[in-house]
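Visitor: Dumping the structure here so I can ask a few things about it.
A short reminder: the numbers here are calculations on the coordinates, not readings from a lab. Note that the coordinates shown come from a computational prediction; the quantities given were computed from them, not determined experimentally. Ideal geometry is used to build each Cβ from the backbone, glycine not excepted, and the neighbour counts take in all protein chains shown.
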Amino acid sequence: MPGAGLPHRRWECGGGLLKLIGITGSYGGLNVGDEAILTCLGGEIRRELEDVGLVIFSRDAEHSRQHYDAHRVVPVRELTREEVIPEVEALDLLILGGGGILFDSEVLNFLREVRIAQSLGIPTFAASLGAGPLERREGREATRDALNGMTEITVRDVEAKQLLEEVGVEVPIAVTADPAWLLKPVEFSDEMLQKEGIDPETRLIGFSVREPGKAAPGLDETAYHHLIADAADFAAQRYETEIVFVPMERADIRHAHQVIAQMTYAERATVLKGSYAPAQVLGLVSRLELAIGMRLHFLIFCALSGVPFLPLPYAQKVSSLARALGLPGESMIQEGRAGPLLASVDRLWDLRERRRAEMAAKVPELQARAHETIDAVVRLMGRE
């Protein structure tokens with residue numbers, strides 16, 4: 001059986017019984033942002049509750065076993081409902097999240113273990129969730145029913161709170177912040193840059209691209225790639241920098257290469273090729289002069305590193321981040337013209353020191369709010 005491994009029993013710890021906390025979400029190495037969330041949730045819980053074992057419900061169990069010090073890893077997408085029941089039954093608490101996992105195409109999958117836990121009388125906790133789009137009746141009703149069975153709910157932005165209340169969630173919802181705000185960097189060394197074909201002495205501007213989506217609904221992919229290529233060419237030539245594209249998930253690699261194919265100065269652009277832990281990606285981001293990006297956690301990494309960035313919102317979560325940091329939140333690519341986008345890049349370069357100071361003033365508050373989610377877990381485990 002795919003889930004075979006450790007037998008199900010209470011584990012001894014210092015003469016007592018080891019309590020188990022399960023964490024379920026979009027985990028398994030598919031997205032750097034989701035792995036940053038798990039790194040911070042798991043790491044902070046272990047720091048606060050040393051005698052607690054973590055059980056990770058993963059979409060790629062082998063990846064999670066290699067990267068996390070977990071008591072147990074459950075290959076959740078390989079198990080039927082009946083097979084996953086004993087995995088859930090062993091828990092003292094099940095955490096859903098964090099991250100933007102409550103959306104139409106996946107919400108039923110992510111809520112399966114929650115509903116099992118609730119049917120078994122096991123407390124469930126929603127950790128710094130994002131939400132939406134939730135337009136299908138089935139997804140809205142499943143979300144309402146599952147979250148109304150939660151012991152506590154935290155979300156990462158006001159928009160998620162509003163949407164969950166709109167679908168009928170009645171349990172009080174606290175707005176905290178994304179757990180990734182608690183991530184600590186690991187050095188991205190000169191040798192690592194050289195392995196990527198990047199001169200460590202060169203000034204770098206980072207880009208994060210994905211499919212255009214709602215950021216540019218009127219543009220086809222070719223026009224979108226050309227627009228981003230114009231921005232990359234402008235930055236490379238005007239500021240005498242190299243461009244590094246930082247994929248946050250595999251699909252981003254294709255879009256980065258298609259942008260480079262449209263660039264005039266393509267020889268000055270690199271797509272990061274290696275597989276890196278979130279803390280290493282944060283270490284790389286800290287070496288950037290400036291950044292332009294779409295992916296939420298790439299932009300959070302920029303803020304943590306004091307790297308001025310221009311957000312290109314494709315979803316409300318990126319606009320929410322911009323507002324939380326006091327930055328412009330409108331997309332500069334909606335019109336499909338290079339002029340407004342390049343003007344915004346140039347303005348950001350001129351104001352970069354001011355932007356650094358503005359972000360530095362906001363980040364500690366967001367980190368404190370992120371830790372409120374960890375505090376809630378400690379409280380639920382009766383350790384306050």
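Visitor: Hey, what do the phi angles of region 305-315 turn into as Karplus ³J(HN,Hα) couplings, whole Hz, using 6.51/-1.76/1.60 and θ = phi - 60°, x for Gly and Pro?
Guide: 8, x, 9, x, 9, 10, x, 10, x, 10, 8
Visitor: Now a separate question. At q = 0.06, 0.08, 0.12 Å⁻¹, what is the base-10 log of I(q)/I(0) for the chain according to the Debye formula with one equal point scatterer per Cα and no solvent? Please give it to two decimals.
Guide: Relative scattering, expressed as log10 I(q)/I(0), comes to -0.24, -0.42, -0.92.
Visitor: Give the relative contact order (percent, whole number) for the chain; include only Cα pairs under 8 Å separated by 6+ residues.
Guide: With pairs under 8 Å counted, the relative contact order is 15 percent.
Visitor: In square nanometres and to one decimal, what's the mean projected area of the convex hull around the Cα atoms of region 190-366?
Guide: Over every viewing direction, the Cα hull of region 190-366 projects on average to 9.1 nm².
Visitor: Ranked highest first by average number of other Cβ atoms within 10 Å, how do 179-185, 309-315 line up?
Guide: Highest mean packing first, the order is 309-315, 179-185.
Visitor: Projected onto the charge dipole of the chain (+1 at Lys/Arg Cβ, -1 at Asp/Glu Cβ, origin at the Cα centre), which of 366, 134, 200 gives the Cα projection farthest towards the positive end?
Guide: Comparing the listed Cα positions along the dipole, 366 ranks first.
Visitor: How long are the semi-axes of the ellipsoid equivalent to region 11-175, from square roots of 5 times the Cα gyration tensor eigenvalues, in whole Å, largest first?
Guide: Equivalent-ellipsoid dimensions as semi-axes: 25, 16, 16 Å.
Visitor: Report, in debye and to the nearest 20, how large the dipole of region 79-175 comes out about its Cα centre when Lys and Arg carry +1 and Asp and Glu carry -1 on their Cβ.
Guide: That gives region 79-175 a dipole magnitude of about 120 debye.
Visitor: Okay, next question. Please name which of 172, 301, 149 has its Cα lying farthest along the dipole of the chain towards the positive end, using unit charges on Cβ (Lys, Arg +1; Asp, Glu -1) and the Cα centre as origin.
Guide: Farthest towards the positive end: 172.
Visitor: Note down the magnitude of the dipole of region 11-175 about its Cα centre, charges +1 on Lys and Arg C-beta and -1 on Asp and Glu C-beta and zero elsewhere, to the nearest 20 debye.
Guide: The dipole magnitude comes to about 80 debye.
Visitor: If you don't mind, another one. Considering lysine pairs in the chain that are 8 or more places apart or on different chains, how many have Cα atoms under 18 Å apart?
Guide: Qualifying lysine pairs in the chain: 5.
Visitor: Moving to a separate point now. Residue by residue, what Karplus-based ³J(HN,Hα) values in Hz, rounded to whole numbers, does region 188-194 have, using 6.51, -1.76 and 1.60 with θ = phi - 60° and x for Gly and Pro?
Guide: 9, 6, 4, 5, 5, 4, 4
Visitor: So what is the relative contact order for region 190-366, in percent, with contacts set as C-alpha pairs under 8 Å and at least six apart?
Guide: Across region 190-366, relative contact order equals 25 percent.
Visitor: Can you list residues whose amide H is under 5 Å from residue 203's amide H, if they're 5+ apart or on another chain and H is modeled 1.01 Å from N?
Guide: Residues meeting the criterion, in which the H sits 1.01 Å from N, are 242.
Visitor: Expressed as cubic angstrom per residue, what is the convex hull volume of the alpha carbon set of region 32-71? Numbers along the way, then the final one.
Guide: Values: hull volume 2.4 nm³, N = 40.
Per-residue hull volume (Cα only) is 61 Å³.
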